[in-house]
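To keep things clear, I will list the structure first and then write my remarks on it.
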Amino acid sequence: MAVACAAIPTMALAGPPYITDDPETTDLHHWEIYNFVGGTVEGGITAADLGVDLNYGPLPDTQLTATLPLHIETGQPLDSGDVELAAKYRFLHAHPGGFPLDVALFPRVFLPTGRGSRHTQLLIPLWAQHNAGPWSVFFGGGYFINPGAGNRNNWQGGFAVTRDIRPGFNLGLEVYAQGRASDDERPVRGLNLGTQIHIKGPFSWLASVGQGLNRRQTVFYSALKLDL
């Protein structure tokens, strides 16, 4: 998933195509590969990351993630973007008539490999999910450690509801929020509409578009997903 663009406070796109993540992990010894583009439009500036998001399931209930982006922005040269490394572990499972949620820990490290980056950042979140027939609800968040002069540590999270309309076609809605990432930035609150569509064989298309609720900001994401 992409590191958020320079036009907004740093916010990770987590559970494609949503900013909110879920506790589901990549199947054992399988790959999920996302060829993605995602970013924001605000104040006449478009900023986006495009690249590849690699996910692998080495152990049951475990997922390793590496995101390799390029960063593009209006009026700026192409940049390498910040590399993300993460590991998800689902430690609680929902049981019929018992505990209703799947829960996972998904710490994420953002390495300062981009031109404008100077410090390693860390997000430590918990994500939970409940499924009921064609409906799925997932939510959570965590603490974002954002070192550097003028930067602020902050809390961020979200809540999403999705529904399988028919086999291979899913729609969802999410709300998300993040505290101030720096002294001169406002908090982020937004609303997103997303979809996942199975194309054929191992290929699926994922997309979302949203609007800031407290600032004039459009958020977008699109990816071709390959399941191996």
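Computed from the coordinates by the stated procedures, all read-outs in this text should not be read as laboratory data. Quick caveat, the model's predicted, so the values are computed rather than measured. Neighbour counts run over all protein chains shown; Cβ positions are idealised from the backbone, glycine included.
Listing for the model above:
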read-out: For region 14-70, fraction of C-alpha pairs farther apart than 15 Å, in %; value: 56 percent
read-out: Net charge of neighbours whose Cβ lies under 12 Å from the Cβ of LEU54, counting Lys and Arg as +1 and Asp and Glu as -1; value: -2
read-out: Ranked list, fewest to most other Cβ atoms within 10 Å of each Cβ, for LYS200, LYS225; value: LYS200, LYS225
read-out: Selection of trypsin sites (Lys or Arg not before Pro), region 87-126, meeting DSSP coil and at most 10 other Cβ within 10 Å; value: ARG118
read-out: Principal axes of the chain: Cα extent on each, largest first, Å; value: 50, 34, 34
read-out: Charge dipole of region 31-227 about the Cα centre (unit charges at C-beta), most positive-ward option of TRP127, TYR56, PRO147; value: TRP127
read-out: Listed residues LEU68, VAL41, GLN196: farthest to the positive end of the dipole of the chain (Cβ charges); value: VAL41
read-out: Net charge dipole size for the chain [Lys, Arg +1 and Asp, Glu -1 on Cβ; Debye, nearest 20]; value: 360 debye
read-out: Residue order, fewest to most surrounding Cβ atoms within 10 angstrom, among PHE138, PHE220; value: PHE220, PHE138
read-out: Ranking of THR113, THR67 by count of other Cβ atoms within 10 Å, fewest first; value: THR113, THR67
read-out: Proximal charge balance of ALA94 [Cβ under 14 Å; K/R count +1, D/E count -1]; value: -3
